[in-house]
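Please treat every number below as a calculation from the coordinates, not as lab data. Since the structure is predicted, the reported quantities are computational estimates derived from the model, not experimental observations. Cβ coordinates were reconstructed from backbone atoms using ideal geometry, including for glycine residues, and neighbour counts include every protein chain displayed.
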Amino acid sequence: MSEQSLTEDSALRSLPMVPTTAGEAALVDESLLTEVVGDPSLSLLGRETARLKTRNWVVSRSLALADVLALNAALLVSELLLSDSSKIGAIDARMEVLFFLLTLPVWLFGAKLYGLYGRDEERWDHSTLDEIMPILHLVTLGTWLSFGSVWLLGFGHPELSKAFVFWALAMAFMLGARTVARFFSRRSVLYIQNAVIVGAGDVGQLLARKLLQHPEYGVNVVGFLDDMPKERDDELGWLTVLGSPDRLPHVVRQFDVERVIVAFSNESHESTLELIRSVRDLDVRIDLVPRLFEVVGPSVSVHSVGGLPLVGLPNLHLSRVHRFIKRTVDLVLAGVGLLLLAPTFIVIALLIKRGSKGPVFFEQVRMGAGERTFQMLKFRTMTVDADDRKHEVAHLNKHLNNGGDPRMFKVPDDPRVTPIGRFLRRYSLDELPQLINVVRGEMTLVGPRPLILDEDRHITEWGRRRLDLKPGMTGPWQVLGRNDIPFAEMVKLDYLYVTDWSLWRDLKLIFQTFPAILRSRSVVY
């Protein structure tokens, strides 16, 4: 080993390391980092080695394998269910299967064109739910092209019923297989990406907190770059400032950074542009937090005028048609839900009555749409004198500690909660009676968080727009973090939801609610 290598190894071992979980890069003291790796020619952590883009490789290969297995399973089941030997014969059936196997590369190429293998690299929160429409298009086009090709080339005698069965099975199997593939690939240490945030102000620290709260995104923040950072939030733990922004190319090499996030640094516009351009050749993905991000939702459109990009915001008012669609979906799903869950309601009611004295349901006044109050229903999870004892536990409110927000009230391990109540809260079963509120028209399945009057009085001006829609059983607050989200941020999320509403987003939030409930109860995925 050369003398220089020995020196570098000794320096690396001398740096103070922070205990980390698997896949995370250990951080070092900023002054020691500058002293040891100040020379850009040195490379302590990524010494003269090519940086492998393993995240997208792992996910894309897993998804491709899942697609192949799903398509073959769909073909096999459809053949077993509908093959008629008296009609097509064994040779024709084998030819159909052989033709399908020969076209598998075409299916995978089509999936690639639909962007089904690259979105996980581009978006942290990408999920199989986002792929329902692309998969529908792919399977529909592929099924009927294969049907027509087999018929035209004379390889077999395709049946319309078999094509429909294959189409339905291929859709279901691909969605299921992709969900399983993501579940396991995202638990691989190879899925984790190192990221550095340029800007350690309010926005940069907010972004870091969100990434720490969502380990399922697979983003390991190694630190910040900023000349004039704000005081670090206690919730950021061991994250620290690694130096000034002009050290970005060097930090990318040293920490094997694969993602650079620019979040409102104090650098000038020209300096930020130069900084971004300086790492374009380092094979890193760059994300920009947009200005006015509080009003930029998923439905924005990007267009241009003479090469100048413009971000178009959607209309701020829901049309009568959209409101009618939303209400219809509420009535259908809530009505079906009440019918299917009727036995569950009876069992829970008996357990509540057996566990403690008092009514089965708990009613509480909440602020509804259009500034109209209503009585929100829940299964009772506390003792009947819970309100009278609130002053006894007020000092335990978690939002009073560590710079929390006193506008919110949450007591961990609240002694007023009954044993059956703890179980109901653990799995959010106490919220089920709100389906009755939905049928009544007081609530909606997906919407802003229903606030008690003491919380609602703190919302003013533009924040009141959250009441343009009825409060929901679930929504952005419940899916993205619940009690880990500060009050002010909750208001912004509700405002963005109301002003950027779409039916597809509602359906997606409903599906995301179930894993969010499990994840908030110590399940990572």
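Return the subset of Lys357/Lys470; Lys210/Lys508; Lys326/Lys410 for which the Cα-Cα distance in this structure is over 25 Å, preserving the input order. Mind dumping the intermediate values first?
On the way: Lys357/Lys470 33 Å; Lys210/Lys508 20 Å; Lys326/Lys410 31 Å.
Beyond 25 Å between Cα atoms: Lys357/Lys470; Lys326/Lys410.
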| Neighbour-count order for Val479, Val302, Val189, fewest beta carbons within 10 angstrom listed first | Val302, Val189, Val479
| task | Order by neighbour count: Tyr114, Tyr191, Tyr217, fewest other Cβ atoms within 10 Å first, most last. | result | Tyr114, Tyr217, Tyr191
| query | When Lys492, Lys230 are ordered from fewest to most other Cβ atoms inside 10 Å of their Cβ, what list results? | reply | Lys230, Lys492
| Which shape class applies to region 250-369: rounded if a/c is under 1.5, otherwise prolate when a/b exceeds b/c and oblate if not, where a ≥ b ≥ c are the square roots of the Cα gyration tensor eigenvalues? | prolate
| query | Which of rounded, prolate, oblate describes region 320-519, given a ≥ b ≥ c as roots of the alpha-carbon gyration tensor eigenvalues and a/c under 1.5 marking rounded, otherwise prolate only if a/b is larger than b/c? | reply | oblate
| field | Rounded to the nearest 20 debye, dipole of region 54-185 from Cβ charges on Lys, Arg, Asp, Glu | value | 180 debye
